[in-house]
Amino acid sequence: MADYTNYTNKEMQAVTIAKSIRDGQVVIVGTGLPLIGASLAKRVYAPKCNLIVESGLMDCSPIEVPRSVGDCRFMAHCAVQWPNIRFIGFEANEWLHGTDRLIAFIGGAQIDPYGNVNSTCIGDYHHPATRFTGSGGANGISTYSNTIIMMQHEKRRFMNQIDYVTSPGWIDGPDGRAKKHLPTNRGPQMVVTDRGVMKFDEKTKRMYLAGYYPTSSPEDVLENTGFEIDVSKAVRLEAPDPEVIRMIREEIDPGQAFIKVPQ
Amino acid sequence: MGKIYSLSDAISEFVHDGDHLVIGGFTTDRKPYAAVDEILRQGQKDFIGESGPAGGDWDMLIGEGRVKAFNNCYIANSGFTNVCRRFRKAVEEGRLLVEDYSQDVLMLQLHAASLGLPYLPVRLMMGSDLVDKWGISKEERQKIDKLPNDKFVIQDDPFHPGHKVVLCPVPEIDTAVIHVQTASPDGTCRIVGDEFHDVDIAVASKHCVVTCEEIVSNEEIRREPEKNSIPGFCVDAVVLAPYGAHPSQCYGRYDYDKEYFKEYDKASRTDEDFKAFLDKWVYGVKDHGEYLNRLGAVRLAKLKAVPGFGYAVDMTKEGK
């Protein structure tokens, strides 16, 4: 009998993502942990959610883990193969129609206290120390959709001032989005890291620690966050059910495309 | 003259120095790699480039210094190389003019081009540095004929007082290069799977080169017109190129070649290894046929997409 109690932080992250998805939601996933989490949600926590990707593949149920949002593993197991522009139109229309069912996962290299995310470069944009992919669908997603942001939790990533804003969050506080002519009833809802879960204060729009993992602690989060963060409301999150870990390892990502099994 | 060309003739006739070049496909899916390899062999350069989500296709062109300016929304061999390394190096060393748009904007710009729109008004990019920071300055833009003078213009929304819109330039595309599953001699094309932006750029470009897995008769492709994607009069050249998207996927035909992408990931780390890689896979073969022979039949056969799955699966292990 394999041991499914020896979960990793990445697995905990995937489970946390899965638990944040609700039945009836339309979920914009990419690849990586959000896809593992969304696939798990579909099996366990929210079987009536619908997964979509920014290449335009709608209502996906991949069998084998795709490596790209344009992968045939999505394309061959979805309800409709739309071109990308239809996806763009759909998310804009969801906002125009005032629905509350669309939730999207995005990632990046840096994040500030208001959930603005950088996935473009480190250093001066015109002479970057490190250059990344650029926006992809993330800017459009963060314009029109509520987001859950995936980050690895490090001081150099959680910064008071990030080097480039690729994906606008709450900008600089409660009126930030309005001032920038962005939809005000959309924005980041959560940050899921390898140490815990951050949410955003209703009034100030600043992130605070909402939950920490059994392998972490509020002190650990404070130590690894490059700006002041309120940890007073943090609760200890439950360790994942071994059956759920078994599912990740044996059914969802048996090839370990995104999550390595500990030795 | 008919539209059926050899790859070599199609590229030499329709792809030129200084072109505004757009490539079809999406990161590791249906990228017209055979055509890109041929462009590299022939030596055309000074491209104004964009492609929607790019991958190794543009990375090789950038790595070989063929691109003068690049409109970027995303560039990665997703799952294999997180950020294309030749692109990354060129930008970090200041050797490439690059402008960032979001993917939504760039794809909508290509769609706007297919509709003949004068410019594209969107709500996107606001509140971000995509608006505040221009990769290519106004001054630099004025020096390059095929770049619009402004990245965008922000204006009051005339229909929603108090709101702003971002007016984006619509690209004027010289040549589009795409790969499709099926075409016929008159240029009619059938794309299976997500069409991405390929129909848009075929319609919008002055010239369109299509590589395809198979050429069927004009009558055959008309038996099911509801499955067709591009009418023949939007296409200038049809090139038979089975596995023309290799190492990327071609829906219903073959999966991506993981081995190749891993080799490229490693090779693209250094100038020397990149050069050796190109000498082996691009410059060292005279054409696509020789490229396929170098890969070998067994390797290609293993990439075949399995019906029911839609990608490569070792069916001899199923049910064991």
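Some notes on this structure:
- Strands (runs of 3 or more DSSP E) wholly inside segment A:51-147 containing at least 2 residues that are within 24 Å of residue B:99 (Cα to Cα): A:102-107, A:121-124, A:127-131
- For segment B:266-320, filtered to residues that are open to solvent by 60 Å² or more (accessible area, probe 1.4 Å) and on the phi > 0 side of the Ramachandran plot, the residue that is nearest to the other protein chains (Cβ to nearest Cβ) is B:308.
- Flag for residue B:269 being part of a loop (DSSP other than H, G, I, E, B), over 19 Å from the mean Cα position of the chain (by Cα) and in contact (Cβ under 8 Å) with a residue 12 or more places away in the chain: yes
- Subset of segment B:63-87 (residues that are in contact with a strand residue (DSSP E or B) (Cβ under 8 Å, 6 or more places away or on another chain) and more than 22 Å from residue B:105 (Cα to Cα)): B:66
- Scanning segment B:89-143 for residues that are in a helix (DSSP H, G or I), of a type in the set (A, V, I, L, M, F, W, C) and at the interface with chain A (Cβ under 7 Å from one of its Cβ atoms) returns B:91, B:107, B:108, B:130.
- Test: residue in segment B:217-232 that is within 19 Å of residue B:54 (Cα to Cα) and at pLDDT 95 or above: no
- Residues that are assigned to a strand (DSSP E or B) and touching a Phe, Trp or Tyr at 6+ places or on another chain (Cβ under 9 Å) were ranked within segment B:179-210; the one that is nearest to residue B:6 (Cα to Cα) is B:209.
- Residue under evaluation residue A:189, criteria (1) more than 13 Å from chain B (Cβ to nearest Cβ); (2) open to solvent by 50 Å² or more (accessible area, probe 1.4 Å); (3) part of a loop (DSSP other than H, G, I, E, B); (4) not β-branched (Val, Ile, Thr), criterion not met: (3)
- Flag for residue A:59 being open to solvent by 20 Å² or more (accessible area, probe 1.4 Å) and acidic (Asp, Glu): yes
- Of the residues making up segment B:1-44, those that are β-branched (Val, Ile, Thr), outside any helix (DSSP H, G or I) and in contact with a helix residue (DSSP H, G or I) (Cβ under 8 Å, 6 or more places away or on another chain) are B:15, B:22, B:23, B:28.
- Segment B:68-85 - residue that is surrounded by fewer than 24 Cβ atoms within 10 Å (Cβ to Cβ) and within 21 Å of residue B:20 (Cβ to Cβ) and, of those, nearest to the other protein chains (Cβ to nearest Cβ): B:69
- Number of residues in segment A:25-50 that are away from chain B (no Cβ under 13 Å) and either assigned to a helix (DSSP H, G or I) or without any contact (Cβ under 8 Å) to a residue 12 or more places away in the chain (or both) equals 12.
- Scanning segment B:135-177 for residues that are among the charged types (D, E, K, R) and open to solvent by less than 30 Å² (accessible area, probe 1.4 Å) gives B:141, B:151, B:157, B:174.
- Residue under evaluation residue B:52, criteria (1) of a type outside the set (Ser, Thr, Tyr); (2) surrounded by 24 or more Cβ atoms within 10 Å (Cβ to Cβ); (3) in contact with a Pro (Cβ under 9 Å, 6 or more places away or on another chain); (4) more than 21 Å from residue A:129 (Cα to Cα), criterion not met: (3)
- Summed over segment A:156-176, residues that are within 14 Å of chain B (Cβ to nearest Cβ), surrounded by fewer than 24 Cβ atoms within 10 Å (Cβ to Cβ) and touching a residue at least 60 places away in the same chain (Cβ under 8 Å) total 1.
- Members of segment B:231-258 that are surrounded by fewer than 24 Cβ atoms within 10 Å (Cβ to Cβ), within 14 Å of chain A (Cβ to nearest Cβ) and within 17 Å of the chain's Cα centre (by Cα): B:251
- Flag if residue A:141 is in contact (Cβ under 8 Å) with a residue 60 or more places away in the chain, of a type outside the set (Lys, Arg) and either facing another protein chain (nearest Cβ under 8 Å) or touching a helix residue (DSSP H, G or I) at 6+ places or on another chain (Cβ under 8 Å) (or both): yes
- Single unsatisfied condition, residue A:55 versus (1) in contact (Cβ under 8 Å) with a residue 12 or more places away in the chain; (2) more than 8 Å from chain B (Cβ to nearest Cβ): (2)
- Matching residues, segment A:117-132, being in contact with an Asp or Glu (Cβ under 8 Å, 6 or more places away or on another chain), more than 7 Å from every other protein chain (Cβ to nearest Cβ) and crowded, with 18+ Cβ neighbours inside 10 Å: A:118, A:121, A:122
- Filtered residue count, segment B:45-67, keeping only those that are assigned to a loop (DSSP other than H, G, I, E, B) and more than 11 Å from chain A (Cβ to nearest Cβ): 6
- Considering segment A:88-113, and only residues there that are in contact (Cβ under 8 Å) with a residue 40 or more places away in the chain and within 11 Å of chain B (Cβ to nearest Cβ), the residue that is nearest to residue B:194 (Cα to Cα) turns out to be A:88.
The values are calculated or read from the model by the stated rules, or taken from the named source; none is laboratory data. Remember, predicted model here, so these are calculated numbers, not experimental data. Neighbour counts are summed over all protein chains in view; Cβ atoms, including those assigned to glycine, are modelled from backbone coordinates with ideal geometry. Please note that ligands, DNA and RNA were not included when accessible areas were found on the heavy atoms of the full protein model with its side chains. Shrake-Rupley method; radii C 1.70, N 1.55, O 1.52, S 1.80 Å.
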